[in-house]
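Following: one structure in structure tokens, then a few remarks.
Please treat every number below as a calculation from the coordinates, not as lab data. Remember, it's a predicted structure, so these values are computed and weren't measured experimentally. Here the Cβ positions follow ideal geometry from the backbone for every residue, glycine too, while neighbour counts run over all protein chains shown.
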Amino acid sequence: MLTKSPIDLKDLRDINHCLVLGKLANPIDSVIPGLGETRDSITKHISNNNLILYVQAISREPKLFSEQLHKDPKTVYITFDDNNQAFLRSIKYYDASDKLQYLREYLDNKLILFKPKLRERKSEGPEQYHYNFDIVWVGDQVDADFYVPVPRVERDLSSQRFDTFLKDKKPFRIPSYPNLMETPEFLLCEKYLYYIPKPDIITSVNIRTTYYCQDPNIVKKIEIPHDWDEKTRAAHPDFVFIPDVYAGELRSIFDKNGFPITIKDLPDVTSTQKLTKLNDRSSEGDVLSVTKERVIKEYEFINKLRYLAHEERLVYEEADLYNFHVALKTNFVTILGGMSGTGKTKLALLYAKALGLVNGDNLLVIPVSPSYSEPSDILGYLNQQLGIYIESETGLVSFLQRAELQPEKMFMVIFDEMNLGQVEHYFSPFISLLEMDDEDRKLSLFSDNAICRDKTIKSKIRIGRNILFVGTANFDETTKDFSKRLLDRANVIHLQKYNFQDAKNKEFIGDKPNVNQQISSEIFNKKWTCESQGLNGLEYEEVELLDRLHEKLRNADAQTGVSFRIFKGVGDYLGNIPEDENGTPMLSRSLALDYQIRQRILTKIRGHREQIESLVGYYDFQKDVYNEGDLSLLFRDEGWDFPYSREFLIQKAKELTRNGYAY
């Protein structure tokens, strides 16, 4: 009797995270079991009305299929129509009178992207498992016998930093490509294609999507070829396939023209300027601070932030941490938004902990009430008759006074559930302060001519750069909309939900930092933050894109556009991207610009279908297809890959199509 090969339960479950390309099985070339009325690739089950689909893999399969189960390449994958209802609804399968014929015509000679599923057979026999699958996508004509997968590394890695990871043999993630698959030969990062001859990449034992490079000397990269879009198939956001013939052509191109990553480029003028700026910003690592401790460098602080998140079992995309940090450095107000449970308040508190702030001293959390409707609700007011200032129960005035008296210390105010109240009303004094230069940024509590008997309360409080303002917000029927006036002045960050499987296995990689050191305002504002360069902080292509974006928005709504304030804010953000110990930006510039467009510009788009559909496009729920609007087409035409902005536009389009209005 045949003994079944033991498959680890985790492997059995995680196989469904792999992506394989296939086509309808050909009865001549495939082993099709006799479960249906005929031996066709699509047929009716012999005992019920369910349709059976047989698919033949034409790309790499999970390696344990061949290594442990000795799967015959001709063995097909099997699924049933009732196991793929979401996909079948999207192609109007259930509206067809002859479903069998409809499905045959729809899938004929089409590439089928699917997730394999391994199900153990109940009975003994030569075949130990059922090879099932779930359909992910269908499209593109089959034009090759075999296809090679080309996954993309994690989005927040710039190509320059990815080079460093490879050279230093540091771990990197390929989110869409678990190590149950054969190690990838080609990788995408930003606008570059990498060639890593097998078996040079090894995988992490604990995390399915983490990899290491063994020999960086053999790794080469080229700019993505001009015909790339024409050659790729089954385009997934983090994944594409290329015909095997084209893969052979690419290997020849790499042999002749590939650029070894271990050879450094000579820096151009821009790079030299950036290196000078880096030296100005981080060369004082051995200077003693007021606490007589070594000044913590910016990348060490971010490592500390990552470590604290791991210690408290909080899981965030690293790009979200970088993004939040830069937003706080360069903007007066930063708002963390998103669905409930993504850890918005916890991230703000985590950042405060990394700074060394203490609740009740230099950290203040204000739970916003729906009743807040005017500034006195959070500040208080002067009783003119008694000459007594009645401070709000929030304690905000005392807190701000303490910050004014201790400019060397960092302070943070967190407005939790900020938009439960009418932000435009109760927060209006602070919105007005955003217009002012640092020296003129004074919060007025009452008139200079008014009489206040409490001499500890001054009529004005200077709001220095040592105070960080953070708001958290949910976007549902219980909350108020942010005004365009506020959105024009704030970064609204939508936290990304981490993949549950990766979250479960996420580990901290790096040295344990000094978690007790406090960060002074001098370090935060002078060592880590570059002075504003305004429009000079933007490159020509970026300015041109923002100009065109402004035109599109203004054509749709005269009150919406890209103001000079936003231009300046984007320039400040791009000029303050943190760099690691090797001087490599932790966020690629294109990803940083993507964040800024989503956070500073797209958040202001709202209105009825007639107003904004031309901008955001619409969503065909029956076909599960996004029909692009002017903004998405603009990004594509200008050659910008903005995954987060595009994702935001798709959500707006879905909301607009479903409700006729987008908030």
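Distance cut-off 31 Å, Cα to Cα: go down the list Lys63/Lys512; Lys297/Lys460; Lys191/Lys654; Lys71/Lys170; Lys167/Lys344 and report the pairs above it. With Cα atoms farther than 31 Å apart: Lys63/Lys512; Lys297/Lys460; Lys71/Lys170; Lys167/Lys344. Take Asn536, project a point 7 Å from its Cα along the Cβ direction, then tell me which residues of the stretch 549-575 have their backbone nitrogen under 18 Å from it. Output list for this probe position: 565, 567-575. Can you pull the Kirkwood radius for the stretch 377-498, inverse mean 1/r over Cα pairs, to one decimal in Å? 16.0 Å is the Kirkwood radius here. Placing unit charges on each Cβ (+1 for Lys and Arg, -1 for Asp and Glu) gives the stretch 1-142 a dipole about its Cα centre, and among Ser97, Thr38, Tyr129 the Cα reaching farthest toward its positive end belongs to Tyr129. Considering all different alpha carbon pairs of the stretch 624-663, the Kirkwood hydrodynamic radius works out to 10.6 Å. Quick check on the stretch 556-643: take the gyration tensor over C-alpha atoms, sort the square-rooted eigenvalues as a ≥ b ≥ c, and tell me if it's rounded (a/c under 1.5), prolate or oblate. The shape class here is oblate. Over the C-alpha trace of the stretch 512-589, radius of gyration and Dmax come out as 16.8, 52 angstrom. Entry note, the chain: relative contact order of 11 percent, from Cα contacts under 8 Å with a spacing of 6+ residues.
Here is the list for the stretch 47-152: trypsin sites (Lys or Arg not before Pro) lying in DSSP coil, each with at most 15 other C-beta atoms within 10 angstrom of its C-beta, are Lys74, Lys92, Arg121, Lys122. Computing mean projected area of the Cα convex hull in nm² directly from the structure and comparing it against (i) 41.5; (ii) 37.8; (iii) 34.1 singles out (iii). One decimal place: the segment Val625-Tyr212 gains 145.0 nm when fully extended, by the rule 0.36 nm per residue minus the C-alpha distance.
Distant-in-sequence amide contacts of Leu495, defined by a placed amide H-H separation under 5 Å and a gap of 5 or more residues or a different chain, comprise Gly337.
Taking 7 Å steps out from each Cα toward its Cβ at His45 and Leu9 produces label points 2.7 nm apart. Give the residue from Leu549, Asn362, Ile15 lying farthest towards the positive end of the charge dipole for the chain; charges sit on Cβ (+1 for Lys and Arg, -1 for Asp and Glu) and the dipole is referred to the Cα centre. Highest projection toward the positive end goes to Asn362.
Placing R0 at 41 angstrom, the Cβ-Cβ distance between Ser563 and Lys167 gives a FRET efficiency of 0.45 after rounding to 0.05. How tilted is helix 269-282 with respect to the longest principal axis of the chain? Cα atoms for both, answer in degrees (0 to 90, nearest 10). Tilt relative to the chain: about 60 degrees. Calculated on C-alpha atoms, the gyration radius of the stretch 79-233 divided by its Kirkwood radius gives an Rg/Rh of 1.06. Distant-in-sequence amide contacts of Ile366, defined by a placed amide H-H separation under 5 Å and a gap of 5 or more residues or a different chain, comprise Ile414, Phe415, Asp416.
In the chain, taking the dipole from charged Cβ atoms about the Cα centre, the farthest positive-side position among Gln651, Phe332, Val570 is held by Phe332.
The convex hull built on the alpha-carbon positions of the stretch 350-448 has an orientation-averaged projected area of 7.4 nm². Loop-located GluC sites (Glu not before Pro) in the stretch 44-134 (DSSP state not H, G, I, E or B) with no more than 12 neighbouring Cβ atoms inside 10 Å: Glu124.
For the stretch 131-194, the average shadow cast by the Cα convex hull is 6.2 nm², which is a quarter of the hull's surface. For the stretch 57-159, the percent of C-alpha pairs falling in each 10 Å distance bin, counted from 0 to the bin holding the largest distance, reads 11, 36, 32, 18, 3, 0. Each stretch of four or more DSSP H residues adds -39500 (n - 2.57); spread over every residue of the chain, this sum gives -9000 deg cm²/dmol at 222 nm.
Taking the fewest neighbouring Cβ atoms within 10 Å as the starting point, the ordered list for Asp134, Asp82 is Asp82, Asp134. Each residue of the stretch 80-88 was assigned a 3J(HN,Hα) from its phi angle through the Karplus curve 6.51 cos²θ - 1.76 cosθ + 1.60 (θ = phi - 60°); the sequence is 10, 4, 6, 8, 10, 5, 4, 5, 5 Hz, with glycine and proline shown as x. Of the residues Lys527, Lys170, the one with the fewest other Cβ atoms within 10 Å heads the list, and the complete ranking is Lys170, Lys527.
Exposure proxy shown here: for Thr456, Thr262, Thr603, the number of other Cβ atoms within 10 Å sets the order, fewest to most, as Thr456, Thr262, Thr603.
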